[in-house]
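Encoded as structure tokens, the structure appears first; notes follow it.
The values are calculated or read from the model by the stated rules, or taken from the named source; none is laboratory data. Owing to the predicted nature of the structure, the values given are computational and were not obtained by experimental measurement. Note: ideal-geometry Cβ built from the backbone for every residue, glycine included; neighbour counts use all protein chains shown.
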Amino acid sequence: MHQVHIPVHHERRPSRMLITAIPPALIVLLIAAVHVLNTSFDLDLARYGLLPRSIQGLVGILTAPLLHGDMEHLLNNAFSGFLLGWALFYFYPRIAGKVVAFGWLITGVLVWLVARPDRHIGASGVVYTMAAFLFTSGVIRRQRTLMALSLLVVFMYGSMIWGVFPIVPRISWESHLFGALVGIVLAFVHRQVPPAVQDPVIVLDDPEEEDPVPLAGTDPGDEVDEARMAWERDLQKRTPHHRDGAVTTTWDDLN
């Protein structure tokens, strides 16, 4: 009776790199959809921005990150937000959601409390939170992989530091500043939460054992043959010596 072997096809799971790109991609798509609807139907959604110390402006704590003034504003935050969010969810999946949520809400509350009495819109506060968190976490955790990520953040977004100063009047530097501060604080608060990656373990070879001391008259570079060494010792014991130091070479004396 012949057995029929049916090949089993194992379903390939999507890579973690692909999975972790989904949350920031969805947020970017939501922000883009809001902007398209706003510009297409002239909805004037900017009136739902964050207006500090105003009861009407409280709603902006939730809605302001979804609103952008123009396409350039949207693209800048969408591109940076996607890359930083991807890195955040990839390296810190256990706390990535908390970082985004706290960066969204706490930054908004601080802006509402102390910022200039103007309409503040845009997701730049959340972007600064993620950038500050990734940089600070890599430094304080002292892992080579995470420190390399910190250097990459500095290389790509180091110029963002100028955004926390009141240089350009139309830019909400308060959102940038408070977002960065929230990211730094969150990095210290969650410094004990393990990341999803670890540095590779370096395995060192054991120190070489000392070579055994060779017998006199043998080549130190040759390998030591234990059986031959035993035979030579036995031969030396059984070989009779004369008083003048000479040895016999007859086989009769060995019997």
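Out of all the residues in segment 28-42, is one or more in a loop (DSSP other than H, G, I, E, B), over 24 Å from residue 181 (Cβ atoms), free of Cβ contacts under 8 Å to residues at least 60 places away in the same chain and among the aliphatic types (A, V, I, L, M)?
Step one: of segment 28-42, the residues in a loop (DSSP other than H, G, I, E, B) are 42.
Subsequent filtering for residues that are over 24 Å from residue 181 (Cβ atoms) retains 42.
Of the ones still in play, those that are also free of Cβ contacts under 8 Å to residues at least 60 places away in the same chain are 42.
Next, from what is left, pick out any that are among the aliphatic types (A, V, I, L, M): none.
So far as segment 28-42 goes, no, none of its residues is in a loop (DSSP other than H, G, I, E, B), over 24 Å from residue 181 (Cβ atoms), free of Cβ contacts under 8 Å to residues at least 60 places away in the same chain and among the aliphatic types (A, V, I, L, M).
Is it fair to say residue 197 is surrounded by fewer than 11 Cβ atoms within 10 Å (Cβ to Cβ) and outside any helix (DSSP H, G or I)? Full working, then the answer.
On the way: surrounded by fewer than 11 Cβ atoms within 10 Å (Cβ to Cβ): no; outside any helix (DSSP H, G or I): yes.
For residue 197, the condition - surrounded by fewer than 11 Cβ atoms within 10 Å (Cβ to Cβ) and outside any helix (DSSP H, G or I) - is not met.
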Take segment 48-73 and flag every residue that is exposed (fewer than 14 other Cβ atoms within 10 Å of the Cβ) and either over 32 Å from the mean Cα position of the chain (by Cα) or farther than 25 Å from residue 98 by Cβ (or both).
-> 53, 54, 55, 56, 70, 71, 72
Kindly indicate whether residue 24 is under 24 Å from residue 129 (Cα atoms), part of a helix (DSSP H, G or I), within 31 Å of the chain's Cα centre (by Cα) and in contact (Cβ under 8 Å) with a residue 24 or more places away in the chain.
-> yes
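With respect to residue 97, determine if the residue is crowded, with 20+ Cβ neighbours inside 10 Å and within 19 Å of residue 30 (Cα to Cα).
Values: crowded, with 20+ Cβ neighbours inside 10 Å: no; within 19 Å of residue 30 (Cα to Cα): yes.
No.
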Among what's in segment 140-167 and is among the hydroxyl-bearing types (Ser, Thr, Tyr) and within 24 Å of residue 195 (Cβ to Cβ), pick the residue that is surrounded by the fewest Cβ atoms within 10 Å (Cβ to Cβ).
-> 145
Among all residue pairs at least 6 apart or on different chains, which show Cβ distances below 8 Å where the first residue, located in segment 189-200, is under 19 Å from residue 20 (Cα atoms) and the second is of a type in the set (A, V, I, L, M)?
-> 193/95; 195/146; 197/146
Would you be able to say whether some residue in segment 134-145 is assigned to a helix (DSSP H, G or I), modelled with pLDDT of 95 or more and touching a Pro at 6+ places or on another chain (Cβ under 9 Å)?
-> yes
Part of a helix (DSSP H, G or I) and either more than 22 Å from residue 188 (Cα to Cα) or acidic (Asp, Glu) (or both): does that describe residue 88?
-> no
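Of all residues in segment 153-172, which are in a helix (DSSP H, G or I) and touching a helix residue (DSSP H, G or I) at 6+ places or on another chain (Cβ under 8 Å)?
Residues of segment 153-172 in a helix (DSSP H, G or I): 153-164.
Within segment 153-172, 153, 154, 156, 157, 160, 163, 164 meet the criteria.
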State whether the residues of segment 197-219 include one that is at pLDDT 85 or above and closer than 30 Å to residue 113 by Cα.
-> no
